[in-house]
1. Residues of the stretch B:108-136 being buried (at least 23 other Cβ atoms within 10 Å of the Cβ) and in contact with a Ser or Thr (Cβ under 6 Å, 6 or more places away or on another chain), which ones?
2. Output the number of residues of the stretch B:141-151 satisfying the condition of being assigned to a loop (DSSP other than H, G, I, E, B) and more than 26 Å from the chain's Cα centre (by Cα).
3. Could you tell me which numbered condition C:Asn183 fails, if it satisfies all but one of (1) touching a residue at least 12 places away in the same chain (Cβ under 8 Å); (2) crowded, with 20+ Cβ neighbours inside 10 Å; (3) within 13 Å of chain B (Cβ to nearest Cβ)?
4. Is it true that some residue in the stretch A:151-163 is away from chain C (no Cβ under 12 Å), of a type outside the set (Phe, Trp, Tyr) and over 17 Å from the mean Cα position of the chain (by Cα)?
5. Of everything in the stretch C:30-80, what is away from chain B (no Cβ under 14 Å) and small (Gly, Ala, Ser)? Give them in sequence order.
6. Only residues in the stretch B:56-84 that are more than 21 Å from A:Tyr164 (Cβ to Cβ) count as the first member; pair them with residues that are surrounded by 15 or more Cβ atoms within 10 Å (Cβ to Cβ) and of a type in the set (Lys, Arg), Cβ under 9 angstrom, at least 6 apart or cross-chain, and list the lot.
7. Give the stretch B:100-114 a look and list any residue that's within 14 Å of chain A (Cβ to nearest Cβ) and under 19 Å from B:Gln159 (Cβ atoms), or say none.
8. Filter the helices (runs of 4 or more DSSP H) completely within the stretch B:152-270 down to those with at least 2 residues that are under 16 Å from B:Val49 (Cα atoms).
Amino acid sequence: MILIDYSFLLIRGLGITLWISWVALLLAALIGALIGLGRTSKRWSIRFLTGVYAEFFRSIPVLVTLFFVYYGLTLLTGINLSTFVAATIALALEGSAMMSEVVRGGLQSIAKGQREAALSTGMKAWQVELFIVWPQAIRVMIPPAVGVYVSTLKASSLASVIGYVELTKTGLLIRESVRGHSGSLLILVVIATIYVIINFAISRLGAMLEERNNFVN
Amino acid sequence: MKNYILKLSSMIAASALVIATSAAFAEQRDILKEVTDRGVIHIATASDVPPYSTLGANGELQGFDIDMGKMIAAELGVKPEFSIVDGPGRITALQTGKADIVIQDFTANFKRSQSVSFTDPYVVVGMVFFTLAKRTEIKTLDDLNKESMKIGFGRGGSQETLVPAAAPKASIVKFAGMADTMEALDSGRIDATAIDNIAAAGFYAGNPGKYKELPGRYSREDIAIGVPKGDFQWWLLINSWVRDFNLSGKNDALYKKWFNAERPKIFEVY
Amino acid sequence: MYNFNLFFIFPYLDSLQWAIWNTLQISVTATFLSIIFGVLMALVRLSNYKYLRLCGVCYVEVVRNMPMVVLLYLIFFGLPSFGIVLSGYISGLTALTMNSTAFMTEIFRSGFMAVSKGQFEAARAQGMTNTQLYRFIILPQVFRISYASLGNQIIGVIMGSSIMMIATIEEVTAWMFNTGSINFRYFEVFFVGGLVYFVLCQTVNLVRNALGKIIFKTAAAGGPW
């Protein structure tokens, strides 16, 4: 089978996809945590601004954000962006909107009673947040965060449109090479299968984590 | 309701702020210095237009354009670094400095010259239409110039304006790239496609007997190297390389290697 | 110096109209179809026959875990290998609908499961037929429970329509790409395009909230709903 020759390229493509999604997720988690924290702030202005941020990135298709970062942002700032950096930034921006919801949900899920009880023992507010609230909140946030990772992984396939060689683009390039021989059906099915297996496995992992959460609680 | 109006107006305000601060950059670039300091020249090219440039099984680019790029890099004493771009991408790559030169079946024309600069041509081509050989009912462009006929091509190329001009009644279908277009042609999704005659010859050579070209050249296109606007020294340098390439016989040799034919001379036809 | 000047876009606003129409057309059709199929597939997933349920699960998991780009490529470029050559619009619509159906299935399934079992039993005790049961008791409640998620999914469909340019559908993102490549005013083009999507999504949000208030208000008042 011709495809065996390309297995190395496919594995590399998969690795690149997993890697860029992971980096984007970490960035998204960082930004999302800040935004999510802002969403629960007591001050209306902060809640409003962070709300605008989240709404904005959920109203623009990922592809458009990607185009904008790759073409438009470079024009604006004059900094050269490689396809990798542009794709990572775009994916992170998109993911941060989702992560901000996850963080907000996680923080709000910690019963108010916990905070009040901790405060009444004489702990300062920041100590309460750092040592009591966040550790519990993070455990709650992990299952939906896995969902965001899957989402980011799927969105990473759009990076192929700006030419970043991740799994989808690898498949398309292989398609061009074998076009004379077998048509593109086989390679496309292979690519699709890889995505389905990987995402399904990751989702299952998230579900397992969620069950462990409930069991422990 | 009020929340939404507030959000919308703040969004608009934010965008306005972004635009206002886009007093971007008007620096005079010294590309030659950048390239030699870096030790690497960034060359943007395509990956799906044989024999100008294709992606081999090992992930390496190869083709006429690629060899040109390597020759230029060697002359400058730097390493070549290729990146793959699409139709619109090659313009932005030059505008933003992502690429120092673009060698990509790039047609020089006035409109584009407002954003980027072109060297002298290294190849002159004309746009041709071709279709599957088994479509015996399509013999000339007149057969294609009907509403029921679909002509397809990749976005962002010179075909965008040339094809509707040549066949105004035909339906236009735009694809993400030449690879997609060729696949569509093979499956009968479109009736014909258009590209310059040399790229077309590349497709014929790779698939003997499969395609048939319709008579007539529907444009004269100077295929040249694209360089960023604004650095005259860089343009002079690359242009003088192109002239040498054309005059010294290097073009003849490379042409023969990739196109398997004698290189036609470049005449100015007025 | 990059001069941001929206006037460069004016000559292309005409084609933008068509692009917006294409976006809306495919989004609305896909939404409508995927709601219908979603309800059906949700019932399949909840059915009493193990193999039927398995089919449902397979469909949802396979389609949900695949990026829509890949699905579109499969339909548009893969099917011709079987001799099935669908037009660009039909291919795009199929991909968008298939993708959305997978999510709609899950939304409705949660909705169905959230309707307490007691409802089923009480209605049957009254002597209602299955059709009456679903039409008057179950579906309205499912609809109400899933309402918010439905709105989000509709927005998801509009977002998904931006990929349709690969299937040669000239929708808004394609317009952005085409116009940018003709006049090189990428920045302005992205601004206008982004604005269109933003307005579309916020409109859906506004309509959903307004409609929601009307529907739920009636229910709270003890009306037939």
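1. Passing the criteria: only B:Met127.
2. Initially, the stretch B:141-151 is screened for residues assigned to a loop (DSSP other than H, G, I, E, B), giving B:145-149.
Add one more test, that the residue is more than 26 Å from the chain's Cα centre (by Cα), and what stays is B:146-148.
Going through the stretch B:141-151 one residue at a time, the tally reaches 3.
3. (2)
4. The first filter runs over the stretch A:151-163 and keeps only residues away from chain C (no Cβ under 12 Å), leaving A:163.
Those still in the list that are of a type outside the set (Phe, Trp, Tyr) too: A:163.
Adding the requirement that they be over 17 Å from the mean Cα position of the chain (by Cα) leaves A:163.
Yes, some residue in the stretch A:151-163 is away from chain C (no Cβ under 12 Å), of a type outside the set (Phe, Trp, Tyr) and over 17 Å from the mean Cα position of the chain (by Cα).
5. C:Ala30, C:Ser34, C:Gly38, C:Ala42, C:Ser47, C:Gly56
6. Close Cβ pairs satisfying both conditions: B:Met71/B:Lys250.
7. Step one: filter the stretch B:100-114 for residues within 14 Å of chain A (Cβ to nearest Cβ), giving B:100, B:102, B:104.
B:Val102, B:Gln104 - these are the residues of the stretch B:100-114 that are within 14 Å of chain A (Cβ to nearest Cβ) and under 19 Å from B:Gln159 (Cβ atoms).
8. Values: elements: B:159-166, B:178-186, B:197-206, B:232-247, B:250-259.
In the stretch B:152-270, B:178-186, B:197-206, B:250-259 are the helices (runs of 4 or more DSSP H) which contain 2 or more residues that are under 16 Å from B:Val49 (Cα atoms).
The values are calculated or read from the model by the stated rules, or taken from the named source; none is laboratory data. Please read these numbers as outputs of a predicted model, since none were measured by experiment. For neighbour counting, all protein chains shown are included, and Cβ atoms are generated from backbone atoms with ideal geometry for every residue, glycine included.
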